[in-house]
């Protein structure tokens with residue numbers, strides 16, 4: 001089995017470490033749990049999204065989506081993303097097996113295909129909008145963090161300036177008091 005770089009199987013191999021001793025045991029590098037079925041445990045950390053393009057139902061496994069489509073949308077083939085069965089199903093339902101589809105059947109197939117295409121386009125637009133919203137939120141958070149850092153820096157600078165001014169005032173008072181203190185000592189010395 002060849003594993004393509006970037007594929008899910010390749011990523012799963014990186015996520016798990018095979019343990020010696022047979023029995024197909026693997027240790028998850030993310031949580032340390034020892035498992036026999038890596039595909040099932042993989043979805044604990046990386047829940048895949050397999051979405052039905054017709055009704056937007058989501059599943060973590062592709063076979064669950066296939067089962068959903070088989071029962072809920074029997075004319076839709078999720079593997080080819082086409083309405084393969086519509087012509088053959090309607091032809092056999094009419095009773096012929098090899099009968100040509102009617103205009104109504106063709107219109108229904110066309111309408112279903114357009115609905116699937118519209119659903120796929122809507123999904124893509126929605127994903128793009130969510131991505132843009134996430135980017136905007138990240139930018140706003142970055143701006144808020146920068147503003148907060150700027151405010152903190154300004155506050156620190158103000159505190160340093162106030163401290164420096166207080167030290168300067170103390171130094172000036174000390175220098176003003178020092179000659180007076182020196183004069184008073186001389187006066188006390190002469191009066192004794």
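Things worth noting here:
- Inter-label distance for residue 31 and residue 147, nm, one decimal - labels placed 7 Å from Cα along Cα-to-Cβ: 3.9
- Shown is the FRET efficiency for residue 165 and residue 137, computed with R0 = 45 Å from the Cβ-Cβ distance and rounded to the nearest 0.05: 0.60.
- Mean Cβ count within 10 Å, highest first, over the residues of peptides 151-158, 70-77: 70-77, 151-158
- Simple spin-label estimate for residue 124 and residue 177 in nanometres, 7 Å along Cα-Cβ: 8.0
- Maximal additional length on extending the residue 108-residue 17 stretch stands at 27.7 nm, based on 0.36 nm per residue less the C-alpha distance.
- Rule-of-thumb Rg ratio for segment 108-171 [Cα; 2.2 N^0.38 Å; N residues]: 2.57
Read-outs throughout are calculated quantities, based only on the coordinates presented, and are distinct from any laboratory measurement. A quick note: this is a predicted structure, and the numbers were derived from the prediction, not measured. For neighbour counting, all protein chains shown are included, and Cβ atoms are generated from backbone atoms with ideal geometry for every residue, glycine included.
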